[in-house]
Amino acid sequence: MKPRQEPPGNKNIIGSRVVAIRKSKGIKQREFLARLQTLGLDISQTSLSRLEGQYRLVQDYEVVMIARALEVSVGYLLGEESE
């Protein structure tokens, strides 16, 4: 995957944190998509990339599934608590 060329968007607050957590755990985007699909959240690679770049709105149920897939709390994902 090529590095992002554009500055982050402003459509969500979790995108940058999702990238940071995913990378700190050594999870590639493709593997993360597979985890999300296993949990019942079927989104495309493009949609995930836009979410991580903060160019896409995120639904509340997606936040819950993303937190589960990353094994963190929703509060941590939202920046409300530390790990």
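The values are calculated or read from the model by the stated rules, or taken from the named source; none is laboratory data. What you see is a predicted model; the values in this text were computed from it and never measured. Ideal geometry is used to build each Cβ from the backbone, glycine not excepted, and the neighbour counts take in all protein chains shown. Surface areas here come from the heavy atoms of the whole protein model, side chains and all, with no ligands, DNA or RNA. Shrake-Rupley method; radii C 1.70, N 1.55, O 1.52, S 1.80 Å.
Here is how the numbers come out for the structure above:
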read-out: Pairs with Cβ under 7 Å, 6+ apart, first in region 68-83 and under 11 Å from Ile21 (Cβ atoms), second open to solvent by less than 50 Å² (accessible area, probe 1.4 Å) and of a type in the set (Ser, Thr, Tyr); value: Glu83/Tyr76
read-out: Subset of region 31-62 [in contact with a helix residue (DSSP H, G or I) (Cβ under 7 Å, 6 or more places away or on another chain), among the aliphatic types (A, V, I, L, M), under 11 Å from Asn12 (Cα atoms) and open to solvent by 40 Å² or more (accessible area, probe 1.4 Å)]; value: none
read-out: Some residue of region 63-80 being open to solvent by less than 20 Å² (accessible area, probe 1.4 Å) and not in a helix (DSSP H, G or I); value: no
read-out: Cβ pairs under 9 Å, 6+ apart, first in region 13-37 and over 13 Å from Ala67 (Cβ atoms), second aromatic (Phe, Trp, Tyr); value: Gly15/Tyr55
